[in-house]
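Read-outs throughout are calculated quantities, based only on the coordinates presented, and are distinct from any laboratory measurement. All values derive from a computational prediction rather than experimental measurement. So basically every Cβ, Gly included, is an ideal-geometry build from the backbone, and we count neighbours across all protein chains shown.
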Amino acid sequence: MSWPKPNITNIVRPPVQLNRGRWGLFITALAIISSFILAKAWPNDSYASQWTYWVGVAFFPTLIGGSAFSIRLYLYGLAQEKYDIWQDEQKKVEQNWQKWAMKSLLVLDSAYVIPDEITASSILENGSNLHSKINKSLKFKDKSELTSAFDNIFCSMSDAISILPSKANINISLYMPIDSYENIDREIARAYRNSGIKHDYNLNYMIDTVPNIEKIAEWIDSPQPMIELIIINNTQSSASEFLAAFLLVNNAQYQDLEIKKAKAQILRPMIDEELPIAIKQMVEMQPAIKQVSHLWFVNLDNKQETEINKQLVNQSVEPEQLYGLEKFVGKQTELSYWLALAMSSEMINKTKRNNLIATRNQNQWLFSVVTLA
């Protein structure tokens with residue numbers, strides 16, 4: 001599902017340029033023909049000494065050639081005007097396509113909790129010296145640590161939610177594997193209440209193990225104002241456990257809020273089976289990818305990471321830092337994509353430089369650019 005570029009129909013070709021050499025030959029040929037015809041029609045053989053003869057030789061080619069040239073010039077002008085109009089229309093199509101690709105969701109706030117308390121800041125400042133967690137599964141120690149994690153998530157979100165209109169209803173979308181379902185609604189209700197958040201909320205369960213980033217595109221394109229609190233509960237996973245959360249609004253909602261600045265923005269995600277096509281289209285239509293400084297690899301092997309980096313370099317995109325998420329947080333699942341989003345939202349506020357997240361799910365490549373709002 002790459003970004004479908006509008007089909008170009010009724011292609012208009014540029015008009016054929018006027019050829020001075022051909023027109024010169026045409027006028028010369030007319031002059032020669034006119035001289036022969038006038039010579040044959042002249043009443044005597046002294047036509048060469050008659051000035052009227054030479055006037056005729058000059059007049060008829062000028063009249064015929066000038067008329068033909070005027071018509072050709074007129075038709076050329078019409079064709080050029082039609083071509084210019086078509087070019088302007090195509091330029092608008094290209095601009096609208098790029099504008100569509102550059103649409104985004106605003107991240108008002110984000111938070112995450114990992115068992116060993118690794119953060120994007122610690123990766124940025126001391127990533128090379130952190131112990132590798134590859135092939136390890138990080139776990140919360142006990143129920144109390146998990147309870148504390150939920151409290152931390154909602155306390156972190158409380159300030160951002162408090163500036164929303166008092167009558168705003170918060171939609172909470174809870175993504176989790178089915179094994180994480182037990183008593184989760186009561187845990188969320190307790191942590192939500194204890195954080196001091198006064199807004200009402202609706203809780204929607206997304207029992208799934210895939211990142212489902214198509215929802216981001218749906219929220220981006222929604223014409224209705226949207227406030228969404230996304231919670232990723234990966235606390236009963238066979239891989240590394242974590243909690244992550246995002247308070248998201250679309251642009252329609254953001255315009256109505258009295259908020260000076262969001263934390264970050266997530267541009268329209270790219271989803272495609274063909275890696276070269278995906279990256280090429282992103283470079284064409286999302287200029288922000290050209291300024292990416294931090295690249296996050298999620299749930300990818302070394303060969304896939306190398307191929308992604310190769311395709312980016314082919315498009316003159318060379319991130320300064322490459323992060324394999326597994327090195328810092330251990331074994332991953334498809335939901336780890338959301339953890340990378342949360343960590344990149346934190347990192348971009350530290351570095352003021354764009355982040356790119358790359359992963360693969362169900363034979364499709366998934367890419368998201370995160371920028372400052």
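Restricting attention to region 143-195, which GluC sites (Glu not before Pro) occupy a DSSP loop and are surrounded by at most 12 other Cβ atoms within 10 Å?
Details: sites: 145, 182, 187; in loops: 182.
Those that pass, being in a loop and sparsely packed, are 182.
Under 5 Å between amide hydrogens, which residues at least 5 positions from residue 242 or on another chain qualify, with H placed 1.01 Å from N in the peptide plane?
Correct list: 234, 235.
Can you say what percent of the DSSP beta bridges in region 102-371, counting only those with both residues inside, are antiparallel? Round to 5.
Taking every DSSP beta bridge with both residues in region 102-371, the antiparallel ones total about 60 percent.
Given the rule -39500 (n - 2.57) for each run of at least 4 DSSP H residues, summed and divided by the residues of the chain, what is its mean residue ellipticity at 222 nm, to the nearest 500 deg cm²/dmol? Intermediate results must be reported in sequence, preceding the final value.
On the way: 11 runs with 168 residues, N = 373.
When only DSSP H runs of four or more count, the value is -15000 deg cm²/dmol.
Which far-off residues, 5 or more places away or on another chain, put their amide H under 5 Å from the one on residue 361, with H placed in the peptide plane?
Those lying under 5 Å, H to H, from residue 361 are 366.
Using the alpha-carbon centroid of each, what span in Å lies between region 118-170 and region 305-357?
Between the Cα centres of region 118-170 and region 305-357 lies a distance of 18 Å.
Could you line up 326, 117, 273 from fewest to most neighbouring Cβ atoms inside 10 Å? Write out the running numbers ahead of the final one.
Details: 326 22, 117 7, 273 13.
Ranked by crowding around the Cβ, least crowded first: 117, 273, 326.
Under 19 Å from the Cα of residue 310, which lysines turn up, not counting those fewer than eight places away in the same chain?
Those lysines meeting the cut-off are 280, 290.
Can you give the Kirkwood hydrodynamic radius for region 65-206, in Å, rounded to one decimal and based on Cα pairs?
Details: mean 1/r = 0.0473 Å⁻¹.
Taking the inverse mean of 1/r over all distinct Cα pairs, region 65-206 comes out at 21.2 Å.
Pick out the long, greasy-scoring helices in the chain: whole DSSP H runs spanning 24 Å or more along their own axis by Cα, mean Kyte-Doolittle at least 1.0.
Values: long enough: 20-41 (31 Å, 1.15); 51-101 (73 Å, -0.35); 143-162 (28 Å, 0.19).
Flagged H segments are 20-41.
Of the trypsin sites (Lys or Arg not before Pro) in region 223-273, which ones lie in a loop per DSSP and count no more than 16 other C-beta atoms within 10 Å?
Numbers: sites: 260, 261, 263; in loops: 260, 261, 263.
The qualifying sites are 260, 261.
Considering amide H positions built from the backbone, and no H for Pro or chain starts, which residues 5 or more places from residue 103, or on another chain, come under 5 Å of its amide H?
For residue 103, the qualifying residues are 268.
May I ask you to list the aspartates and glutamates whose Cα is less than 12 Å away from that of residue 167, ignoring any residue fewer than eight positions away on the same chain?
200
Volume per residue, Å³, of the convex hull around the alpha-carbon atoms of the chain? Kindly include the intermediate steps, with their values, before the conclusion.
Details: hull volume 72.6 nm³, N = 373.
Convex hull of Cα atoms, per residue: 195 Å³.
Tally Lys and Arg at +1 and Asp and Glu at -1 over the other residues with C-beta under 14 Å from the C-beta of residue 351: what net charge comes out? List each step's numbers first, then the result.
Values: positive: 263, 350, 352, 353; negative: 125, 320, 346.
Spelling it out: positives minus negatives among the neighbours equals +1.
Short version: ³J(HN,Hα) in whole Hz for each residue of region 328-334, in order, from phi by Karplus 6.51 cos²θ - 1.76 cosθ + 1.60 (θ = phi - 60°), x for Gly and Pro, what are they?
Ordered by residue, 3J(HN,Hα) equals 9, 10, x, 4, 10, 10, 4 Hz.
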